[in-house]
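> Before anything else, here's the structure in question.
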Amino acid sequence: MSSIISTDINKAAELLKNGSVVGIPTETVYGLGASIFNPIAIDYIFELKKRPRTNPLIVHISSVRQLSDLTTEFPKPAQKLADAFWPGSLTMVLPKSDKVPYQITANKPTVAVRIPDHPVFLKLIDLAGPIAAPSANPYERISPTTAIHVASYFPLGLPLVIDGGSCKNGIESTIVGFEEDKVIIYRLGSISVEEIEAVVGKVALKNEANEANITPGMSQKHYAPITKTIVTDFIEDFIEDFKQQKIGVIRFMTEEKNDNVTKHLTLSPEGSLEEAASNIYAYLHELDELKLDFILIEPLPNRGVGRSINDRLKRATHL
Ligand code: TXA
Ligand code: MG
């Protein structure tokens, strides 16, 4: 399985140009990438992930100059956000040009774009052109933050997964759009609401799974481990109740141990929400592999990127 993991960027670019789908590192989570101009490869992404074809893909570019080819408008607040956060973990939904296939945008008149902050991915885009890439997980499963996660999800389906190390941010990009030049957040993510508001002022949030949210991927159940997972402030009570069972616990800062817990992980002993974000998916993957009866997770402080992590945990534990 691990034979498909490689650091050969030129080989990956060659594969992409020839219509293959490749596992790609980004600073948020790993992606399953294909050239935006290869319809067969794009279709294979949906096939591999078992993703509904009504759920559009993000297009990744390496320079703001490429925007004029792919989009028809670049509103003032979008320019400010690009200056502040690109390359980085912010995706912007903009009106699409004729060059962007409707297959990528799921028939929407808009395209979601971002410039990732990862040297390997940027080099790859320079070599192979704009790349459409969703997170490299099967539909509804936990997003991958290492090349090994990707290779284990798709042991037969990919010719190559580029190893670019562990993703430094660890959760997906924040998605924003513009409604009459007002900035709307459609998906909480790696860049916090506070950081965005520091650049463009007050924003509106439409990130629930309802018709106000134009982002089809924001379903209530998502990012889910196979193991039953509970988010609770009362971890000790649950441990007491479940002490005949195999339990894994993820806490924010506390490192206290309990003999009834099979595995105990701490997201950030120093209390950094950024560090917690970079660890959360990797920890969920790790505990999910232990075939436990339950995973218990302490909610994060609901500010900054902690709010985005709580959003993911809510979806991961939705039945
Ligand atoms: O960090 C990330 O954003 C990662 C890395 C690989 O870049 N990508 C990612 O892609 O999370 P994905 O496909 O797992 O999530 C993309 C989200 C989906 O919820 C999708 O519905 C939304 O973006 N989206 C894509 N194009 C859109 C559009 N034109 N309008 C509204 N929402 C869109
Ligand atoms: Mg995803």
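All of the numbers you see were taken from the coordinates with simple rules; none came from a lab. Everything numeric in this text was worked out from a predicted model, so none of it was measured. Don't worry about glycine lacking a Cβ; one is built from the backbone with ideal geometry, like all the others, and counts go over all protein chains shown.
> How are the C-alpha pair distances of the stretch 79-194 spread across 10 Å bins, as whole percents from the shortest bin up?
Taking all Cα pairs of the stretch 79-194, the binned fractions are 12, 39, 38, 11, 1 percent.
> Moving on to the next point. Identify which of Thr146, Thr266, Thr26 has the largest mean-square fluctuation in a Gaussian network model of the chain, with springs joining Cα atoms closer than 10 Å.
In the Gaussian network model the winner is Thr266.
> If you don't mind, there's one more thing I want to ask. For the chain, what is the calculated [θ] at 222 nm in deg cm²/dmol (nearest 500), taking -39500 (n - 2.57) for each run of four or more DSSP H residues and dividing by its residue count? Intermediate results must be reported in sequence, preceding the final value.
Working: 11 runs with 98 residues, N = 319.
That calculation yields -8500 deg cm²/dmol at 222 nm.
> Once amide H atoms are placed 1.01 Å from N in the peptide plane, what residues at a sequence separation of 5 or more from Val111, or on another chain, have their amide H within under 5 Å of its amide H?
Those lying under 5 Å, H to H, from Val111 are Leu94, Lys96.
> Can you compute the charge dipole magnitude of the chain about its Cα centre, using +1 on each Lys and Arg Cβ and -1 on each Asp and Glu Cβ, nothing else charged? Give it in debye, rounded to the nearest 20.
Values: 33 positive and 39 negative charges, 184 e Å.
Taking the Cα centre of the chain as origin, the dipole is about 880 debye.
> Each residue of the stretch 145-154 in order: what ³J(HN,Hα) in whole Hz does its phi give by Karplus 6.51 cos²θ - 1.76 cosθ + 1.60, θ = phi - 60°, with x for Gly and Pro?
Karplus-based 3J(HN,Hα) across the stretch 145-154 equals 10, 9, 4, 5, 4, 5, 4, 6, 5, 10 Hz.
> Hey, another quick one. Order 243-255, 204-216 from most to least packed using the mean count of other Cβ atoms within 10 Å.
Values: 243-255: 17.1, 204-216: 14.5.
So the peptides 243-255, 204-216, ranked by packing, come out 243-255, 204-216.
> Take the alpha carbon atoms of the stretch 218-278, find their center, do the same for the stretch 196-215, and report the distance between the two centers in whole angstrom.
Going from one Cα centre to the other spans 29 Å.
> Can you order the peptides 281-290, 109-118 by their average number of other Cβ atoms within 10 Å per residue, highest first? All intermediate terms of the calculation are to be shown ahead of the outcome.
Details: 281-290: 19.7, 109-118: 22.8.
My ranking of the peptides, most packed first, is 109-118, 281-290.
> Contour minus end-to-end for Glu140 and Ala204, with contour as 0.36 nm per residue of separation and end-to-end as the Cα-Cα distance? Mind showing how you got there, number by number?
Values: separation 64, 0.36 × 64 = 23.04 nm, distance 2.58 nm.
Roughly 20.5 nm would be gained on extension.
> Counting other Cβ atoms within 10 Å of each Cβ, which trypsin sites (Lys or Arg not before Pro) in the stretch 42-102 have at most 15 and sit in a DSSP loop?
Values: sites: Lys49, Lys50, Arg53, Arg65, Lys80, Lys96, Lys99; in loops: Lys50, Arg53, Lys99.
Taking the stretch 42-102 and a limit of 15 other Cβ atoms within 10 Å, the loop trypsin sites (Lys or Arg not before Pro) found are Lys50, Arg53, Lys99.
> Another question, if that's okay. Rg and Dmax of the stretch 191-237, Cα atoms, in Å?
15.7, 43
> Loop-only chymotrypsin sites (Phe, Trp or Tyr not before Pro) in the stretch 207-240, please: DSSP not H, G, I, E or B, and at most 15 other Cβ atoms within 10 Å. Walk me through the numbers before you get to the answer.
Numbers: sites: Tyr223, Phe234, Phe238; in loops: Tyr223, Phe234.
Those satisfying the criteria are Phe234.
> In terms of modelled amide H atoms, which long-range or inter-chain residues lie less than 5 Å from the amide H of Val231?
Ile297
> Given that compact globular proteins tend to follow 2.2 N^0.38 Å, what is the ratio of the alpha-carbon Rg of the stretch 1-157 to that value? Kindly include the intermediate steps, with their values, before the conclusion.
On the way: Rg = 14.7 Å, N = 157, 2.2 N^0.38 = 15.0 Å.
So the Cα radius of gyration is 0.98 times the expected 2.2 N^0.38 Å.
> May I ask you to evaluate 6.51 cos²θ - 1.76 cosθ + 1.60, the Karplus curve with θ = phi - 60°, for each residue of the stretch 95-110 and list the ³J(HN,Hα) values in order in whole Hz, giving x for glycine and proline?
Each residue of the stretch 95-110 in turn: x, 8, 8, 5, 6, 7, x, 4, 4, 6, 9, 6, 6, 7, x, 10 Hz.
> Per q in 0.13, 0.14, 0.16 1/Å, what log10 I(q)/I(0) does a Debye calculation on the alpha-carbon atoms of the stretch 40-118 return?
Debye curve over Cα of the stretch 40-118, log10 I(q)/I(0) at q = 0.13, 0.14, 0.16 Å⁻¹: -0.40, -0.47, -0.60.
> Right, next: Provide the percentage of antiparallel DSSP beta bridges, counting only those with both residues in the chain; round to the nearest 5.
45
> What are the semi-axes of the equivalent ellipsoid for the stretch 1-62, taken as the square roots of 5 times the Cα gyration tensor eigenvalues, largest first, in whole Å?
Numbers: eigenvalues 72, 36, 33 Å².
Sorted largest first and rounded, they come to 19, 13, 13 Å.
> Of the listed pairs Lys123/Lys263; Lys202/Lys228; Lys206/Lys314, which have alpha-carbon separations greater than 27 Å here?
On the way: Lys123/Lys263 39 Å; Lys202/Lys228 37 Å; Lys206/Lys314 16 Å.
Check vs 27 Å cut-off fails for Lys123/Lys263; Lys202/Lys228.
> Return the FRET efficiency for the residue pair Asn10, Glu194: r is the Cβ-Cβ distance, R0 is 45 Å, and the value is rounded to the nearest 0.05. Write down the numbers at each step before the final one.
On the way: r = 40 Å, r/R0 = 0.89.
The value I calculate is 0.65.
> Now for a separate question. Given Pro109, Ser89, Leu70, which one lies farthest toward the positive end of the charge dipole of the stretch 46-147, if we put +1 on the Cβ of every Lys and Arg and -1 on the Cβ of every Asp and Glu?
Pro109
> Within straight cross-link reach of Lys246, meaning Cα distance under 20 Å, which aspartates and glutamates are found once same-chain residues fewer than 8 apart are removed?
Partners found: Asp233, Glu236, Asp237, Glu255, Glu256, Asp259, Glu286, Asp288, Glu289, Asp293, Glu298.
> On to the next question. Are there any trypsin sites (Lys or Arg not before Pro) in the stretch 260-306 that are in a DSSP loop and have at most 15 other Cβ atoms within 10 Å? List them by number.
On the way: sites: Lys263, Lys291, Arg303; in loops: Lys291, Arg303.
Sparse-neighbourhood loop trypsin sites (Lys or Arg not before Pro): Lys291, Arg303.
> According to the square roots a ≥ b ≥ c of the eigenvalues of the Cα gyration tensor, what is the shape class of the stretch 72-121, taking rounded for a/c under 1.5, prolate for a/b larger than b/c otherwise, and oblate for the remainder?
On the way: a/c = 2.77, a/b = 1.38, b/c = 2.00.
Oblate, since a/c reaches 1.5 and b/c is not below a/b.
> Could you list which residues have their amide H under 5 Å from that of His318, counting only those 5 or more apart in sequence or on another chain, with H placed in the peptide plane?
Sorted by chain and number, the residues that satisfy this are His222.
> What Kirkwood Rh does the chain have if only Cα atoms enter the pairwise 1/r average? Answer in Å. Let's see the in-between values first.
Numbers: mean 1/r = 0.0501 Å⁻¹.
The answer is 20.0 Å.
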